[in-house]
Amino acid sequence: MVAMQISTPRQPLAWIERAVPRPSAGELLIEVSACGVCRTDLHVLDGEIPAHYPVIPGHEIVGRIAAIGDGAAGFAVGQRVGVPWLGHTCGRCPYCRAGKENLCDAPLFTGATRDGGYASHVIADAHYCFDLPERFSDVEAAPLLCAGLIGWRALRLAGPAPVIGLYGFGAAAHILAQVARHQGRTVYAFTRDGDQDGQAFARSLGCAWAGGSSADPPVALDAALIFAPPGELVPRALRAIRKGGRVVCAGIHMSDIPSFPYADLWEERQILSVANLTRKDGTSFFELVRNIDIKTVTQSFRLEDANDALESLRTGKVKGAAVLVP
């Protein structure tokens, strides 16, 4: 197999070759067709979240099963599956027993604490592999595995909010805007200040308004979902929501949140975070998008150009989602 590997944080990914692994009990060997490039991959590269180095990043994996380990029932060789960020849970801790496997005490994360999909092949826990809607191509389906899933969990945590704001209009928000519009919600998009192309992109996907993240929306929001990493967006979003509204922080890593007056939080406003996903999030999301008209906007890169893809993501040059194709 071939892969692009992070040997140490803050260093470019390196091309490696090694023997194709064999799946152990309960695992699948997957030949990768496409792997999305996520902002979390940048956090792994920059050493901002826990990871086991060296590691092959990538957790928006689409591929076909090449071999099946003992006990991995319900799968067939050649079947297309998707592999997300949450790659394994213990099944024994209080969180797992309570149905909160996203908070497992001993998890493994694809592309961080176990090898991921910037590769020609990957090993995955069969319990965390999803069947994907056939109407999406491999490249189109890849962003659904994190940008779609985490966005979906964030939207569910926002509650029934009819008017929502999306801060950071990238891979997750461009999918979520379409889902929210399908649900009859009004969506306001916040991009980097001065990003006219990004704002036009948001409006093309049905957003009622789009502007810079330092701007005030034209109406008060019922909920704000933050996908961009700057912590200063949290107090800005608090000032943009109504009484009783929610600010949902959907990223795995943010810079420090600056202090703000208690008055901005008062009147039962809430701040919450999203951690990982559950299998129920995955099955419910893919059932939803199987039956509604949404599209993922993607930019494809060769596997060996993974460093270029990450730099394009870092500098805001990707429209929609970047996807690596081995």
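Here is how the numbers come out for the structure above:
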| item | result |
| --- | --- |
| Per-region count, region 242-285, residues open to solvent by less than 20 Å² (accessible area, probe 1.4 Å) and under 14 Å from the mean Cα position of the chain (by Cα) | 8 |
| Number of the exception - Gly206 against (1) over 20 Å from Gly245 (Cα atoms); (2) open to solvent by less than 40 Å² (accessible area, probe 1.4 Å); (3) not in a loop (DSSP other than H, G, I, E, B) | (3) |
| Val44 in a strand (DSSP E or B), open to solvent by less than 50 Å² (accessible area, probe 1.4 Å) and modelled with pLDDT of 95 or more | no |
| Pairs, first over 19 Å from Asn291 (Cα atoms) in region 133-162, second among the charged types (D, E, K, R) and open to solvent by 40 Å² or more (accessible area, probe 1.4 Å), C-beta under 6 Å, six or more apart | Ala158/Arg246 |
| Failed item, numbered, when Ala223 is tested on (1) touching a helix residue (DSSP H, G or I) at 6+ places or on another chain (Cβ under 8 Å); (2) among the aliphatic types (A, V, I, L, M); (3) under 15 Å from Arg156 (Cα atoms); (4) surrounded by 22 or more Cβ atoms within 10 Å (Cβ to Cβ) | (1) |
| In region 297-320, residue surrounded by the fewest Cβ atoms within 10 Å (Cβ to Cβ) [restricted to those that are at pLDDT 95 or above and outside any helix (DSSP H, G or I)] | Arg302 |
| Criterion violated by Ala73 - all others in (1) surrounded by 14 or more Cβ atoms within 10 Å (Cβ to Cβ); (2) modelled with pLDDT under 95 satisfied | (1) |
| When residues of region 231-241 are limited to those that are out of contact with any Cys (no Cβ under 8 Å at 6 or more places or on another chain) and under 20 Å from Val219 (Cα atoms), the one most open to solvent (accessible area, probe 1.4 Å) | Arg239 |
| Region 49-68, subset in a loop (DSSP other than H, G, I, E, B) and touching a helix residue (DSSP H, G or I) at 6+ places or on another chain (Cβ under 8 Å), residue nearest to Asp256 (Cα to Cα) | Ile49 |
| Scan of region 209-244 for residues that are small (Gly, Ala, Ser), touching a strand residue (DSSP E or B) at 6+ places or on another chain (Cβ under 6 Å) and in a loop (DSSP other than H, G, I, E, B), ordered by number | Ser213, Ala220, Ala228 |
| Single match in Ala224, Ala263, Ala250 (criterion: in contact (Cβ under 8 Å) with a residue 12 or more places away in the chain and more than 29 Å from His127 (Cα to Cα)) | Ala224 |
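Here is a yes/no grid of residues against (1) modelled with pLDDT under 95; (2) surrounded by 24 or more Cβ atoms within 10 Å (Cβ to Cβ); (3) more than 18 Å from the chain's Cα centre (by Cα):
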{"residue": "Leu145", "(1), (2), (3)": "no, yes, no"}
{"residue": "Arg153", "(1), (2), (3)": "no, no, no"}
{"residue": "Gly159", "(1), (2), (3)": "no, no, yes"}
{"residue": "Ala172", "(1), (2), (3)": "yes, yes, no"}
{"residue": "Ala177", "(1), (2), (3)": "no, yes, no"}
{"residue": "Gln183", "(1), (2), (3)": "no, no, yes"}
{"residue": "Gly212", "(1), (2), (3)": "no, no, yes"}
{"residue": "Pro229", "(1), (2), (3)": "yes, no, no"}
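The values are calculated or read from the model by the stated rules, or taken from the named source; none is laboratory data. Given the structure is predicted, the values throughout are model-derived calculations rather than measurements. All Cβ positions, glycine included, derive from the backbone under ideal geometry; neighbour counts span all protein chains shown. Heavy atoms of the whole protein, side chains included, go into the accessibility calculation; ligands, DNA and RNA do not. Shrake-Rupley method; radii C 1.70, N 1.55, O 1.52, S 1.80 Å.
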